[in-house]
Structure formats: structure tokens, C-alpha cells
1. Could we say that residue 431 is part of a loop (DSSP other than H, G, I, E, B), modelled with pLDDT of 95 or more and of a type outside the set (A, V, I, L, M) here?
2. Considering only residues that are in a loop (DSSP other than H, G, I, E, B), of a type in the set (Gly, Ala, Ser) and more than 21 Å from residue 257 (Cα to Cα), which ones fall in the stretch 434-470?
3. Residues being assigned to a helix (DSSP H, G or I) and loosely packed, with under 14 Cβ neighbours inside 10 Å: count how many of those fall in the stretch 147-184.
4. When only residues in the stretch 135-146 that are surrounded by 21 or more Cβ atoms within 10 Å (Cβ to Cβ) and in contact with a helix residue (DSSP H, G or I) (Cβ under 7 Å, 6 or more places away or on another chain) count, which is nearest to residue 106 (Cα to Cα)?
5. Could you tell me how many of the residues in the stretch 300-331 are within 22 Å of residue 151 (Cα to Cα), assigned to a loop (DSSP other than H, G, I, E, B) and under 30 Å from the mean Cα position of the chain (by Cα)?
6. Within the stretch 204-214, is even one residue in a strand (DSSP E or B), within 20 Å of the chain's Cα centre (by Cα) and not hydroxyl-bearing (Ser, Thr, Tyr)?
7. Among the residues of the stretch 107-129, are any more than 26 Å from residue 228 (Cα to Cα) and surrounded by fewer than 17 Cβ atoms within 10 Å (Cβ to Cβ)?
8. Select, from 166, 134, 130, the only residue that is outside the structural domain of residue 74 (by TED's automatic domain parsing) and modelled with pLDDT of 95 or more.
Amino acid sequence: MRIGRMAPLLAVGVTATLVPALAPAQASAAEPLTRFANQQPAWHRCDTSQPAAFQCATIKVPLDYDRPDSKTIKLAISRLKTSVPGKRHGVLLFNPGGPGGEGLDMPFMMKDVLPKKVRERYDLIGFDPRGVGRSTPVTCGLTTTEQNTEHPYKAETFSRDVKWARTVADKCRAKNGDRLPYITTRNTARDMDVIRAVLGEKKISYLGYSYGTYLGAVYAQMFPQRTDRFVLDSAVDPARVWRGMIQVWAEGSEPAFTRWTKWTAQRHRTYKLGDTPAKVKKTFWDLIARADRTPINDGGRKLTGDDIRAGLRPAFFSPEYAAEAVVELKKAAGGHATAPGRSSLPDRPQEPRRPTAAAGQTPADNGTAAFWAVVCGDTAAWSHDPEQYRREAIRDKAKYPLYGDFGSNITPCAFWDKPAEQVTAVHNNVGLLTVQNQWDSQTPLVSGLGMHRALTGSRMVYVKGGEGHGVYMGNPRACADRAVNAYLNSGKLPARDVTCKPPVDPGTGVHQRIAPTPRQTPGAPRF
């Protein structure tokens, strides 16, 4: 989602002392914990299509950290040694977002994003979070239809939405048994600390995107003394976990839509959608009404007004893409259908995936199953009253016409079991860096500011006018990238928050526009 909170908690029971630097005399008494820290991974080449230096291994972690002598699960980890002797600072872990995103390939993907000076200071570490990919993956056995979470509220279909939410929850419970309550952010943070100990590091550095920002903030809350150089890019607001973070899409979309109407009206000669913001707005809503009456043939798909609202919501954060899409949809509505297999709606990028050779090892619904496991299992704040979801969806459809009814409709969390522990209260003064675009569709600016407020020791790099979900992308000319690189290289935070402009395209001399990055479909939302 688009591109901030109580004294550090010690986690539950044994967690705070999970893998400290124990003296030998202590080790036997704490053996149920230290045995995880003392693992010797069997490193091997990750894939024949990738360099031999990119290595993978599997370690074990407790399913339930309160019972470390009980069941264990597998955790898939990877490494790419890029540090240089004499310059090495430590390890840099990555998370791509989700929940449900696979991070095993991230060292390989990020090696060309990080500049040489930064690479020389770190060994790059990836991992699939618990329940994801090669890390003992969860599955709910969901059909493609059951994985679709775009449910606009309508009185006549609400009972069907309730049935869908209950079915997903029941299937997840039936398929995962006693594992489901432990697929949580807090336990993933504990897993990160096991990785730290297995690698023999006193501290870890970290780069997390989207949901990965929340994971990083939870780690900093639980293990502040082991938190080194942390970069949180496009941040989740920990005060809104998790229903509020789905609803924030609707809240954040309205100012983006208003900005789009103004931008498009100023370019009426190009797009011919209206020469005033009011006329552009009317053009869009007339298109929605038309599609609701007669679905539009768009590249072989029949799109209703609801389909268009959901599909275009992220595009409005990048006005040029939205304007072009609306123009094409208008043509399609007039009988000029796009070519088969092509859509006027923006492409919906997938979460980073491993090479296809490994794809069969992961259940088809794994990303969706892991998403709901975390989102529903992290917190008890979800209502179990379907009528509350109905009331909020009706309210928010009026308040946020573009997406309010989608964002507030019922989810499987309404029928989830009680979480194993309370949500993490993130509020600390650990020094770290947050990075945020102004116009981010998945973690809107209000979300990034919430994270920044919660982390009172943080500094924010804010890209005013920046578009797209994810800021740090390896552009050496970009102000934000330079700030991140300086921090990762030196460990010194800026003296104050930094405001940047979007990077300039050297070919045109204008600020670059980033393609909108909506969530993967079908499947669960992606932060």
C-alpha cells in the first residue's frame, strides 16, 4: 500500500531474551532458546539460474515462542555476501511488503539498487516470512473467486459478502489448524532476531517496503537494542493496524481524485474530458453509471462501474495514467473496444516472485492466506458483528465515493479466532529513517506521517509531489535515494526531516512520473 506511537515492550514471556549473547554457563539453562541461535545453516546455491554466490538455507524457528520446546516450522533464508573486509558493517535484511510477500530473492534483486559504497558495507540477507513461500507456507485452499477481495457494498449482495468472509475464515482455520494463530507480525519479528543470532550478528540493519515498514517498526519496538540502521519505505500507520489501513485507501483516494480532476481539466485539449474540474468529475461518474447499466467491453473483459472504481483507484495518484485510462474506457464504452488481452486499466504488478522452477512449491493461494493470517491475527480490534461492517460501508460510500464501500465492507477477519496475543503498541525513540512519497496509493501520506509520529526518534525523507508506491529504487540522482544511501553508509540520521522533489528525467528535464502500483488481483490487498 502507499507511498508513523508506549515504551519498548519486551514481547511475551521469553521473547526479549530470545537469543542474547549468553555465557557458556547460561547456555544450558536457556537451551530451548539458544538451540535456535546455534543452528549451522547448510548454505547452497539458491537456483541454477542465479549466481553461485547467491546462497539459500533453511533454519528452524519455534511455532509458538512461548513454547520453544514444542513444534517448529521452517524458515527459508538467503544471503549474498557483498561486504568488503575492512569496510564491512554488518548485515542488511529486506522485506518487500505484503503481508504475504516473498523476500527470499531480495538480495539478488537489490544488489543493483544499492550503490557500491553501500554494498561493500553489508552482506545482503533475504527471507520468506513465516507462512510464506518456502517458509512452511500456509494455504486455505481458496479458489480464485474466493481470493478476490474487491467487494463493493450493495444491500442486495451483502449477505453474499458475509458468506464469502465466513467461508474464507473457515477454510483457513480448517487447513492450518494450530499454526494459524502464530502467523503474525510479532512472531515474524522474533524470527528476524533468530536470523540475526544464527548469522552471529549483535545487531541487524534493515530495508522494508510497505508492510515491511510495520514489520521493521515492530522489531524496533521489541528489540530496540538490536536495531541498527533501519529504513522504512512507504509506511503503514501502526495506529491503524489493520482495518484502518484498508480503509485508508478510500480516505487517501479522495484528495488524489480531486487533484486528478484539476490536472486533467488543465489539459482538456489533450484528453477532452472536461475543461473544468467539475466537468472532469462529471465525465468520470457518467462513465461509472454507464458501465453499471451496460458493462464496458475492455480487452475482452466486461467492466462494471464497480470494476472501474476499484481498478482506477490507485491510478488517480498518478494523474497522467488515470487520464489516459479514462480516455480509453470512454472509447471502449462508445464501441471502440481495446485489443483482446489488453486493458485500459493500469497493469497490476505482482509481488516479487522466485524463478518459475520453484513456483510449484508454493500453494496458489499462499499470498492471500498469509495476508489474512497476519491482518486478522495481529489484532483483536476487528468487529465480529456483520451489521457494523454494513453501517460503516454505507457511511464511507457517502463519505469517500470512489472506494469507501470497498474499504469498509466485511472481511474474513470478522470470523477469525481470537489472536494469540495483543497487537504491538509501536511508540519508541529508536533512531531510524522513514521515506515517503506524497502521492502513494497503497500507504498514503497520512499513513506515513502516522508511522513517523510513532517513531519519535525517526527522521522522514518526504518527496513532495512524488508519485508511486515505494521511493528507494536505486536512482543515484534522486534526492531521497541519496539520503537513504548516506544513512546506510554512515549510520548518521539527517539532523532534521528532509523534503525532496521528485527525480528529474534527464531526457526530458521534467519530474519523472511513476506508474501507479495497485495491488495484485485476484488476491488479497497488498501493503
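1. On the way: part of a loop (DSSP other than H, G, I, E, B): yes; modelled with pLDDT of 95 or more: yes; of a type outside the set (A, V, I, L, M): yes.
For residue 431, the condition - part of a loop (DSSP other than H, G, I, E, B), modelled with pLDDT of 95 or more and of a type outside the set (A, V, I, L, M) - is met.
2. Listed by number, the residues that qualify are 457, 458.
3. Taking the stretch 147-184 and keeping what is assigned to a helix (DSSP H, G or I), we get 147, 158-182.
Checking which are loosely packed, with under 14 Cβ neighbours inside 10 Å leaves us with 159-160, 163, 170, 174, 177-178.
Going through the stretch 147-184 one residue at a time, the tally reaches 7.
4. 137
5. Count: 2.
6. Yes, because at least one residue in the stretch 204-214 is in a strand (DSSP E or B), within 20 Å of the chain's Cα centre (by Cα) and not hydroxyl-bearing (Ser, Thr, Tyr).
7. Keep residues of the stretch 107-129 that are more than 26 Å from residue 228 (Cα to Cα), which gives none.
Looking for residues that are more than 26 Å from residue 228 (Cα to Cα) and surrounded by fewer than 17 Cβ atoms within 10 Å (Cβ to Cβ), one finds none in the stretch 107-129, hence no.
8. On the way: 134 fails: outside the structural domain of residue 74 (by TED's automatic domain parsing); 130 fails: outside the structural domain of residue 74 (by TED's automatic domain parsing).
On inspection, the qualifying residue turns out to be 166.
The values are calculated or read from the model by the stated rules, or taken from the named source; none is laboratory data. This is a predicted model, so every value here is computed, not measured. For neighbour counting, all protein chains shown are included, and Cβ atoms are generated from backbone atoms with ideal geometry for every residue, glycine included.
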